[in-house]
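Scroll down for the structure; my scribbles are underneath it.
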Amino acid sequence: MAKEGAQRAEETEQMIEKEGGKEAAEGSAAGSLRAGDTKEMRAVVLSAFGGLNKLRVSKKAMPEPQEGELKIRVKACGLNFIDLMVRQGNIDNPPKTPLVPGFECSGIVEALGDSVKGFEIGDRVMAFVNYNAWAEVVCTPVEFVYKIPDDMSFSEAAAFPMNFVTAYMMLFEVANLREGMSVLVHSAGGGVGQAVAQLCSTVPNVTVFGTASSFKHEAIKDSVTHLFDRNADYVQEVKRISTDGVDIVLDCLCGENTGKGLGLLKPLGTYILYGSSNMVTGETKSFFSFAKSWWQVEKVNPIKLYEENKVIAGFSLLNLLFKQNRGGLIKSVMDKLLNLYNNKKIKPVVDSLWALEEVKEAMQRIHDRGNIGKLILDVEKAPTPLVS
């Protein structure tokens, strides 16, 4: 492991030297932009909300770090289901287009803004970004940046922040997972689902019920205790095994699954909604699908919650980070997660790597729920030639 770490450190130094040589050749002796400079980078641009045809790779002006920010030369970016919803404009208060999507990445620190401490040029890092992650270079506040362990690859690092922080926060900060509890997680083969399964394995005697497409079952059967087809009557299957239901339900689907999840909760159980993928049924936003999913949601009666001793909660990591200013809390969670990684308790599952120019195909794979683990945009990867 130490040998691998030394090799990665050497690779990092070579990349920095390469980038430094390139800048010198371009006449950037001072290492920063001057008035009139036209440095550009490749980025995935969403021209308007809608289908896959609204995405393209374009040239954009390269950003420079403001006070308190780091400039990162991106190596890999994470794709999440929320990115599909952003593309469709199927989120609250979406930013104006054109925009560069993406909320997480990994890479090498290339420049430091004023007052930045704790990082040096050349550090290998992973970061949360409030949009703009799908590009060759990003700038983001230092509070959203974390150093990558020596034996973690850039692709694994891009698969780490969103999935594992979301899973950890829901299990331990919201639902207070403890020994002997039971958890139901939907989309068990996805990035968050696999993170949930791994984190549950760090607590003794936790039973994990998972739903997933049947073709994923062979690949993920060892990560959960009981696995059900996503189209089957999982409620009856769970009750057959555990007549009292479960302690925690993690729901990224919404719609009719909300009522089913609440019905499966034991007394003092916690249901957490952290997504609404059932509202994404086609390539573009569908008001019919949105309305159908909304009307399928069981209207929650507080008196019923009181009588049945049940808890209903919601979780949005992006809102927690960028709207509710909980960067310090997330930093403490990342520290715990990296400790688990270093002790080989958890490891990101990477489904596949895609070039920036292949972002449409990658998004389609997420839409079709074909992935097991995380899809990654590899900034340095060349597009795969089409077979005639």
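The values are calculated or read from the model by the stated rules, or taken from the named source; none is laboratory data. Small disclaimer: the values here were computed from a predicted structure and weren't measured. Virtual Cβ from ideal backbone geometry, glycine too; neighbours counted across all protein chains shown. These accessible areas exclude ligands, DNA and RNA; they are computed on the full protein's heavy atoms, side chains included. Shrake-Rupley method; radii C 1.70, N 1.55, O 1.52, S 1.80 Å.
Structural remarks
Here's the yes/no breakdown for (1) over 28 Å from VAL57 (Cβ atoms); (2) surrounded by 22 or more Cβ atoms within 10 Å (Cβ to Cβ); (3) at pLDDT below 95:
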| residue | (1), (2), (3) |
| --- | --- |
| ALA127 | no, yes, no |
| ALA133 | no, yes, no |
| ILE148 | no, yes, no |
| MET170 | yes, yes, no |
| ASN176 | yes, no, no |
| GLY180 | yes, no, no |
| VAL183 | yes, yes, no |
| ALA197 | yes, yes, no |
| SER201 | yes, no, no |
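- The conditions of being surrounded by 16 or more Cβ atoms within 10 Å (Cβ to Cβ), touching a residue at least 40 places away in the same chain (Cβ under 8 Å), within 22 Å of ILE82 (Cβ to Cβ) and in contact with a Cys (Cβ under 6 Å, 6 or more places away or on another chain) are not met by SER213.
- The selection criterion, being at pLDDT 85 or above and over 29 Å from ILE376 (Cβ atoms), does not hold for THR225.
- Checked against the criteria, ILE346 counts as modelled with pLDDT of 95 or more, touching a Leu at 6+ places or on another chain (Cβ under 9 Å) and part of a loop (DSSP other than H, G, I, E, B).
- Among the residues of region 91-112, those identified as in contact (Cβ under 8 Å) with a residue 12 or more places away in the chain and open to solvent by 10 Å² or more (accessible area, probe 1.4 Å) are PRO94, PRO95, THR97, PRO98, LEU99, GLU110, ALA111, LEU112.
- Residue satisfying all of: in region 55-90; buried (at least 19 other Cβ atoms within 10 Å of the Cβ) and of a type in the set (Gly, Ala, Ser); nearest to LEU318 (Cα to Cα) among these: GLY78
- The residue that is most open to solvent (accessible area, probe 1.4 Å), among those in region 322-355 that are farther than 22 Å from VAL129 by Cβ and without any contact (Cβ under 8 Å) to a residue 24 or more places away in the chain, is LYS344.
- Strands (runs of 3 or more DSSP E) contained in region 33-102 and holding at least 3 residues at pLDDT below 95 and over 15 Å from VAL359 (Cβ atoms): none
- Unique residue being open to solvent by 40 Å² or more (accessible area, probe 1.4 Å), more than 25 Å from the chain's Cα centre (by Cα), at pLDDT 85 or above and of a type outside the set (A, V, I, L, M, F, W, C) when the list is TYR306, TYR274: TYR306
- Those residues of region 154-187 which are within 13 Å of the chain's Cα centre (by Cα) and small (Gly, Ala, Ser), in sequence order: SER155, ALA157, ALA158, ALA159, ALA167
- Taken over region 356-388, the criterion of being more than 14 Å from the chain's Cα centre (by Cα) and under 26 Å from ALA188 (Cα atoms) is satisfied by GLU358, VAL359, LYS360, GLU361, ALA362, GLN364, ARG365, HIS367, ASP368, ARG369, GLY370, ASP378.
- The residues of region 173-198 that are assigned to a loop (DSSP other than H, G, I, E, B) and in contact with a strand residue (DSSP E or B) (Cβ under 9 Å, 6 or more places away or on another chain), listed by number, are ALA175, ASN176, LEU177, ARG178, GLY180, MET181, HIS186, SER187, ALA188, GLY189.
- Of the residues examined, ALA212 is not one that is within 21 Å of LYS266 (Cβ to Cβ) and at pLDDT below 95.
- ASN319 vs. criteria farther than 25 Å from TYR271 by Cβ and surrounded by fewer than 16 Cβ atoms within 10 Å (Cβ to Cβ): no
- Region 150-161 residues that are closer than 15 Å to PHE103 by Cα and open to solvent by less than 10 Å² (accessible area, probe 1.4 Å), paired with ones that are among the basic types (Lys, Arg) and modelled with pLDDT of 95 or more (beta carbon under 7 Å, 6 or more apart): ALA159/LYS374
- Within region 262-270, none of the residues are open to solvent by 50 Å² or more (accessible area, probe 1.4 Å) and modelled with pLDDT under 90.
- Restricting attention to region 349-377, the residues that are assigned to a loop (DSSP other than H, G, I, E, B) and under 14 Å from LEU84 (Cβ atoms) add up to 4.
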